[in-house]
Amino acid sequence: MKKTAYPIILSISGHDPTGGAGIQADIETAAAIGCRATNVITCLTVQDSCNVRQLIPVEAGLIDEQIRTLLADIPVKVIKTGLLGDLATAKVLTRLLDDHPNIPVVVDPVLTAGGGTELADAELTAWIARQLLPRATLATPNSLEARRLAGASSLDDCAEILVDTGCGAILITGTHEPGGEVTNSLYLREHSPVRSSWPRLEGSYHGSGCTLASSIAAFLALGRSLRESVVHGQKFTWQALAAGYRPGQGQFLPDRFSTRKTHRAR
């Protein structure tokens with residue numbers, strides 16, 4: 001009997017030893033939704049569930065070779081990027097995206113760890129804003145990242161600035177904003193913002209942004225539209241967080257497989 005060919009995403013992100021974020025989060029999310037994740041690790045980290053303590057970038061030339069080799073062999077449906085590690089990797093990735101303009105790209109612009117460690121300096125942040133986001137189908141910054149990338153205080157203004165760079169769409173998440181609910185806002189060119197509100201969960205979660213971006217990438221790979229993928233990705237992420245648990249002394253980790261029966265492709 002012929003096996004089902006799972007849609008394939010390519011995750012380009014860092015390694016998290018806790019398994020809560022980074023490459024592991026992307027692999028788990030893709031599998032739970034019904035996709036296969038190929039992956040390239042941009043950096044190693046020393047971290048626990050509390051914070052990132054050290055970041056060691058992988059040599060950019062090796063990253064370039066891995067991605068080109070994968071894309072020459074495997075029909076990747078969607079590319080998802082996360083923690084980049086350094087400017088050299090960001091430049092390599094920008095060139096690669098130019099060489100494969102027909103593959104949708106979801107960019108999770110990881111700038112700071114949940115525990116507060118800075119993961120992108122001013123030069124890398126500027127490159128992401130001015131060079132990487134214009135090549136993205138969708139970017140998924142949280143509100144703090146959106147303000148750093150755009151240099152504005154109003155989130156609506158941030159979105160307008162970032163969409164004007166050429167980015168296809170921006171989903172700004174509101175976890176860091178005050179209020180009893182978390183409101184996420186999807187911005188598309190020449191459309192009013194589409195806002196979705198979710199009950200605020202107690203505690204702090206490690207890997208929520210990775211889960212959201214990779215779930216949207218997975219639904220895109222399954223053939224859903226961008227708007228549908230954003231809706232389904234938010235629902236998947238909220239359910240994974242709601243089922244999360246706290247294995248260490250820091251943040252909760254999402255339970256992505258708790259949602260498998262609801263979301264897995266048939």
In nm, spacing of pseudo-spin labels at Ala122 and Glu177 (7 Å Cα→C-beta vector): 2.8
Scattering curve values for region 76-120, log₁₀ I(q)/I(0), Debye with Cα scatterers, q = 0.13, 0.26, 0.29, 0.32 Å⁻¹: -0.33, -0.97, -1.09, -1.19
Kirkwood-Stokes translational diffusion coefficient of region 24-80, alpha-carbon pairs, 10 °C, 1.306 mPa s, µm²/s: 120
Kirkwood Rh, Cα atoms: Rg over Rh of region 4-146: 0.94
Top of Gly22, Gly209, Gly244 by mean-square fluctuation, Gaussian network on the chain, Cα under 10 Å: Gly244
Listed residues Pro178, Pro141, Pro57, most fluctuating in the chain (Gaussian network, C-alpha, under 10 Å): Pro178
Under-21-angstrom lysine pairs by C-alpha in the chain, whenever the two are 8 or more apart or on separate chains: 6
Ser49 long-range amide H proximity, modeled H, under 5 Å: Gln249, Gly250
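Out of every Cα pair in region 109-240, what percent are spaced more than 19 Å from each other?
Values: 4084 of 8646 pairs.
Tail of the P(r) past 19 Å holds 47 percent of the pairs.
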The chain: relative contact order in percent, alpha carbon pairs under 8 Å with at least 6 residues between: 20
Span per principal axis, largest first, for the Cα atoms of the chain (Å): 47, 45, 41
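What's the long-distance tail for region 175-266, i.e. % of Cα pairs beyond 23 Å? Don't jump to the answer; show the numbers that get you there.
On the way: 1072 of 4186 pairs.
More than 23 Å apart: 26 percent of the Cα pairs in region 175-266.
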Highest-fluctuation residue, Arg148, Arg256, Arg68 considered, GNM on the chain with Cα pairs under 10 Å: Arg68
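Largest first and in whole Å, give the semi-axes of region 183-234's equivalent ellipsoid, each being the square root of 5 times a Cα gyration tensor eigenvalue.
Details: eigenvalues 82, 53, 14 Å².
Value: 20, 16, 8 Å, ordered largest first.
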Cβ-Cβ FRET estimate between Arg195 and Glu59, R0 fixed at 51 Å, reported to 0.05: 0.75
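If R₀ is 25 angstrom, what is the calculated FRET efficiency for the pair Asp156 and Arg227, using the beta carbon separation as r and rounding to 0.05? Mind showing how you got there, number by number?
Details: r = 19 Å, r/R0 = 0.75.
In this case the efficiency is close to 0.85.
No value in this document is a laboratory result; all are computed from the given coordinates. Only a predicted model underlies this, so the values are computations on that prediction, with no experimental measurement involved. Heads up, the Cβs are rebuilt from the backbone with ideal geometry, glycines too, and the neighbour counts pull from every protein chain shown.
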